[in-house]
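J.: My structure is below; once you've seen it, I'll send some questions.
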Amino acid sequence: MAESTFSILRDARRATKGGAETIERLQAKRLHEIVAHARTHSAIYRTLYRDLPERIDDPRQLPVTSKKMLMSQFNAWVTDPAITIDALRGFVDDPERAGEPFLGRYTVATTSGTTGARGIFVLDERSLAVTNAMALRMLSTWLGLGDVLRILAGGVRMAMVMGGSGHSASAVAAARLRRAGGWRASRLKVVSADTPMPQIVAALNEFQPVVIAPYASMAVMLADEHEVGRLRINPVLLALAAEGLPEAQYGRIAKVFGASVGNSYAATECPYLSHACEEGWLHVNTDWVRFEPVDENFAPVPRGQASHTVLISNLANKTQPVLRYDLGDSVQERLDRCPCGSPFPAIKVQGRSADVMSFPGRHGGKLAIPPLAFSLLLDGISGVEMFQIVQSEPARLRVRFVSEPGVDSDQVRQRIEAGIARLLSQHSIANVSIERGAEPPEKTQGGKYRRLIPFS
C-alpha cells in the first residue's frame, strides 16, 4: 500500500517527539531499504555496489555520486525501464507540459546547471507524499493558530513570484496547482520574476495575496516597494526560497510587511531538505534524508566548521535513487542543540547568496534586476550549456558561457546579447555594454558556478 501524505506526517510527528535516537533509527532503516532497492533495480548502483558487502553498516562505505556521473548514464540510473532520457528530453523541451504527469504517474523537474551539468529529475508518488508532509511540518513551524485564521479569512490567496515557465521545480509546482483546478487553482497567482517591477507590483496589489512565495532576492525588492508605498498588500506569510540573504534582511522583510518570514534550503534532487526555525537556523529533515558535510576528500568535517561540500541521500525516491550525492554547497552545522528545541540538525548554508545586479537609471538613482530574471532568460536560450554574467563595471556586463556540443557559439552569443539587451530595456535600463568573456565560467569553492557576479 502506498504511503499517504497524512500517514507520513503522523510518522514525522512521532519522529519529532521521539527525538534524535528515533530519527537516527528511522534514517538507518530507510537508508538500508533504499540502498537494497537501488542495488537490485538500478544498473548504475548495481555496478557501484558490486564489491560491497550485502549489508552496509557504515554508509560512508558507499561511493560518492554526482549529477554529471548519473546523468551521463541516465537510462541505467532509473529503476523504471519505461523512463528514458530521450523521452524525458522531449517532454521537458515543451514548456506547456510543465506539471503534466510523465507516463501518467511521475512529476518531472529540471535543474539549472550550476554544477556544470543540467539535470532532469523524476519524482515518484512516494517522493511527492514525503515532500507534502515535510511542507506541512515546515508550515507548522512558521505559523501559529492566529496566522492560520488570518490566512483563511484572507481567502487563502497565494502569489508565487518566481520562475513562471519551463520545468524548474517552482514552475512545475505552480503548474500542478493550476492543473488540479478547483478552489486552489483559483486562489493562486503566478508572476514571473523577469516581469518589470511596476507590473509585479500592480499584479500583487490587484490580487491581494495573504501568502507570498518569492525567491529571497525578490522579497527584498518587494520590501523596498512596500516601504515607499507602491506595493500595498498585507500578507501573513512570506515563504522565501532558493537564495540566502544577510541575516538582517529577514528581520527587515518581516518588519516592513508585518508578517512571518519563512526560509528554506532545498534542491530539486531533494525538495524537502530543510526549513528555518525562529532562531534563523535551517533544520534538516534527517528522518527522510541523510546529510553529510564533508571536506574536499569527502571526509566528515566537525560541527562548527564550514564544509567543502555536502553529500545527500534522498530516502524517499526509489525511482531515481540519489545516494551520497555531491550537492556542491558549503554548510556549517551548529555545535549545540538549537534553542528552538528541534531535535533535527541545525545548519547554515555558506554558499547561497542573492546576486542582485543594480544599474544606473536613466534619470539618476539605481535600477535593480532580480537574479532569477537573468536565469530565466539564459535557461531559455537554446545551445547554452552553462553561463556566468560578471558585472565588471556599473554599466558593463561580461558574459562567460559554454555552448552545447555541436552548436555554433557565435550564434549563441548573438542570442545571449540580444536577450540581455531586451531584458535591460524591459526594466528601463539603457547604455549598458555587453561583451563576451573569452575565459570559461569560474567555479566556487564548493564546485558550483556562480551564475551572477555583481559589481562591488
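The values are calculated or read from the model by the stated rules, or taken from the named source; none is laboratory data. All values reported here derive from a predicted model rather than from experimental measurement. No Cβ is skipped: glycine too gets one built from the backbone with ideal geometry, and neighbour counts run over all protein chains shown.
J.: Evaluate the following for A38: is it modelled with pLDDT under 95, crowded, with 16+ Cβ neighbours inside 10 Å, among the small types (G, A, S) and in contact with a helix residue (DSSP H, G or I) (Cβ under 7 Å, 6 or more places away or on another chain)?
T.: No; evaluated as a whole, the condition is false for this residue.
J.: If you don't mind, there's one more thing I want to ask. If you scan the range 177-213, which residues turn out to be on the phi > 0 side of the Ramachandran plot and part of a helix (DSSP H, G or I)?
T.: G182
J.: Something else about it: Looking at (1) touching a strand residue (DSSP E or B) at 6+ places or on another chain (Cβ under 7 Å); (2) of a type outside the set (A, V, I, L, M); (3) surrounded by 15 or more Cβ atoms within 10 Å (Cβ to Cβ), can you tell me which one P394 breaks?
T.: (3)
J.: Restricting to strands (runs of 3 or more DSSP E) lying wholly in the range 340-456: which have 1 or more residues that are closer than 30 Å to F298 by Cβ and at pLDDT 90 or above?
T.: 346-349, 396-403
J.: Quick check, is S66 surrounded by 12 or more Cβ atoms within 10 Å (Cβ to Cβ) and more than 20 Å from R290 (Cα to Cα)?
T.: For S66, the condition - surrounded by 12 or more Cβ atoms within 10 Å (Cβ to Cβ) and more than 20 Å from R290 (Cα to Cα) - is not met.
Every residue, every condition in (1) in the same structural domain as T286 (by TED's automatic domain parsing); (2) in contact with a Gly (Cβ under 9 Å, 6 or more places away or on another chain); (3) surrounded by fewer than 16 Cβ atoms within 10 Å (Cβ to Cβ), yes or no:
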residue: M71; (1), (2), (3): yes, yes, no
residue: T79; (1), (2), (3): yes, no, no
residue: T84; (1), (2), (3): yes, no, yes
residue: F102; (1), (2), (3): yes, no, no
residue: M134; (1), (2), (3): no, no, no
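J.: Counting only residues that are more than 30 Å from I34 (Cα to Cα) and small (G, A, S), which one in the range 312-367 is surrounded by the most Cβ atoms within 10 Å (Cβ to Cβ)?
T.: In this case the residue turns out to be A354.
J.: Tell me, which residue of the range 255-283 that is among the hydroxyl-bearing types (S, T, Y) and part of a strand (DSSP E or B) is surrounded by the fewest Cβ atoms within 10 Å (Cβ to Cβ)?
T.: S260
J.: I'd like the full set of residues that are modelled with pLDDT of 95 or more, hydroxyl-bearing (S, T, Y) and out of contact with any helix residue (DSSP H, G or I) (no Cβ under 7 Å at 6 or more places or on another chain), limited to the range 291-334.
T.: T319, Y325
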